[in-house]
Amino acid sequence: MGKYEEAFSRLGERALARLEGPGGFLAVTETHLVFVDEGGVQRVELARIRRVGRGEEGTLWVQGEEASLQIPLKAFPLEELKAFLEGLKPHVARARRATSTPPPAPPKPPEPSTPPASPKPALWEEDTPPKRASVELAPEPEPPQGGPAPEPPKETPPLAAPRGRSAPLALPLRVLALLTLGYTVAFVALNPGADPWALAGVVLGGLGLALTEWFLATSWR
């Protein structure tokens, strides 16, 4: 192992391609192009290499965006150096693909919002007026399959109005009413010359008493 290759091995990187010459050592790693010579170790990032061309004073210039390498032509056989640099192109393209920022993903369509669950009806609310209670009629029972239909409920006959209580005083009250009426008529007939106001009072009182007694007699049936 030459001294230049030994200096590269101390970097701890794996070489994908290498070229060793009398004046230096070139290696391609996963991410860099590394050049080792008497001046030390130089490197340039593969993804940032933009141009390889002839430089000044017998050198090749590997131009990057920030850093660059100047490789003396006398450090390597010319044809081997040209072939090595031609083989650098696929490594540069691979490194650019690995470091390129992936295109932003298209925005996802908005997910349909879930409708809020409908609130359960409250058992009662203080702000609402109380509802009137409604009575629901129970449905009539359906007849069993294949069996006789149930008989409709029989209507209860209306109760007869209670009769008035019979009493033994009904007949005597009727007789008393007739006697009162007869006495009144007889008094008026026997006292034609009496005070008219007195006769009128007797007639009114007798008629009222007779009607009351007759009413009581008819109510006690």
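Only residues that are within 19 Å of Tyr4 (Cα to Cα), open to solvent by 40 Å² or more (accessible area, probe 1.4 Å) and in a helix (DSSP H, G or I) were counted in the stretch 73-86, giving 3.
For the stretch 43-72, a tally of residues being open to solvent by less than 60 Å² (accessible area, probe 1.4 Å), touching a Pro at 6+ places or on another chain (Cβ under 9 Å) and not in a strand (DSSP E or B) returns 1. Any residue at all in the stretch 1-16 that's part of a strand (DSSP E or B), buried (at least 16 other Cβ atoms within 10 Å of the Cβ) and not basic (Lys, Arg)? No; the residues of the stretch 1-16 include none that is part of a strand (DSSP E or B), buried (at least 16 other Cβ atoms within 10 Å of the Cβ) and not basic (Lys, Arg).
Condition first: assigned to a helix (DSSP H, G or I), modelled with pLDDT under 80, basic (Lys, Arg) and open to solvent by 50 Å² or more (accessible area, probe 1.4 Å). Can you find one or more residues in the stretch 213-221 that meet it? The answer is no; no qualifying residue exists.
The values are calculated or read from the model by the stated rules, or taken from the named source; none is laboratory data. These numbers were taken from a predicted model, which means no experiment stands behind them. We place every Cβ from the backbone using ideal geometry, glycine too, and count neighbours over all the protein chains shown. Accessible surface is based on the protein model in full, side chains and every heavy atom, while ligands, DNA and RNA are left aside. Shrake-Rupley method; radii C 1.70, N 1.55, O 1.52, S 1.80 Å.
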